[in-house]
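Notes for the one structure printed next.
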Amino acid sequence: MVRNDIGDLLAFIAVAREGSFTRAAAQLGVSQSALSHTLRAVEARLGVRLLSRTTRSVAPTAAGERLLQTIAPRFAEIESELSAIVETRDKPAGTIHITTTDYAADTVVWPRLSKVLPHYPDIKIEMVVDYGLTDIVADRYDIGVRWGDQVAKDMIAVRIGPDARLAIVGAPAYFDRHPVPKQPKDLLEHNCITLRLPTRGGKYAWELRKGKRELQVRVDGQLTFNGVYQMLNAALDGAGLAFVPEDLAQPHVDTGRLRWVLQDWSDLSRPAHLLSEPSRVFEGAVDRRRCVARRPVRSRAYGFIRCPALRSSNSTSSGCMNA
């Protein structure tokens, strides 16, 4: 049979299964008379009757039943394969390249990915940890995650986590050798463990706030790192005072290994942001309501992180995307 007969065979299957030209015609979206004409043409070409017709019903003949049992499963298999292809088109797949800081990776990115990835086995993640103000497009990243104002110009920045605050801590061993600071200027006389960010060039100035008063203290000391975990470990060893995220320090304060310093001077709160480049990285959008990054072009991965647990807020950037 020629290719045009495929439609005729599908018409035969519909009539044989429904046992009615009326119901089959409604299912196929054709008129009853057109369907009847099609089936008679098929029987004429084959030279055999496929359907036994009465005024009340339609049923396959022996030849029709044999044909039905032969072709119906094959058409069902074809339909199943076509459906699978459509599902594959809409299924998240591919490699997603993420740039993030170590702290953001541990507290924001991984807690969410660990819940999502088991449901998307065809997604692969390549995560690079650094503090640089990465050019996402030039360095071939799909998304970035940064804290606070570590956002490059022209980047879409969608808030995806709660505010994080930094706090000053020191170990009891350090205070066995040094007095406890009473006010921010006292920090200039202490061995402070500093942080150097590639985005800023110089050492990070400790930004403190008390009520409406805000100030920056440019501390110094023997040790400079480019990651908060190294700073925390050095502080635990009594090497100096460190300015680290409160949630990292809290367990060690609870056990007595660290002490809060200048606790009434809190750090300015900083939210975590998911970053994307507006014109090239995403064909769709970053959905602020669900934090869904749809169809990253570079990685061929799409439908990424359909995770309601990703808490979002207002977007902030020089070109915020409206979802």
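Scanning the stretch 145-174 for residues that are under 19 Å from the mean Cα position of the chain (by Cα) and modelled with pLDDT of 80 or more gives a single hit, 145. Among the residues of the stretch 184-229, those that are polar (S, T, N, Q) and either in contact with a Lys or Arg (Cβ under 8 Å, 6 or more places away or on another chain) or under 23 Å from residue 270 (Cα atoms) (or both) comprise 194, 199, 216, 224, 226. Scanning the stretch 172-220 for residues that are in contact with a Leu (Cβ under 6 Å, 6 or more places away or on another chain) and either exposed (fewer than 13 other Cβ atoms within 10 Å of the Cβ) or free of Cβ contacts under 8 Å to residues at least 40 places away in the same chain (or both) yields a total of 4.
The single condition among (1) at pLDDT 80 or above; (2) assigned to a helix (DSSP H, G or I) that residue 125 does not satisfy is (2).
The values are calculated or read from the model by the stated rules, or taken from the named source; none is laboratory data. Note that the coordinates shown come from a computational prediction; the quantities given were computed from them, not determined experimentally. Every residue, glycine among them, receives a Cβ derived from its backbone with ideal geometry; neighbour counts consider all protein chains shown.
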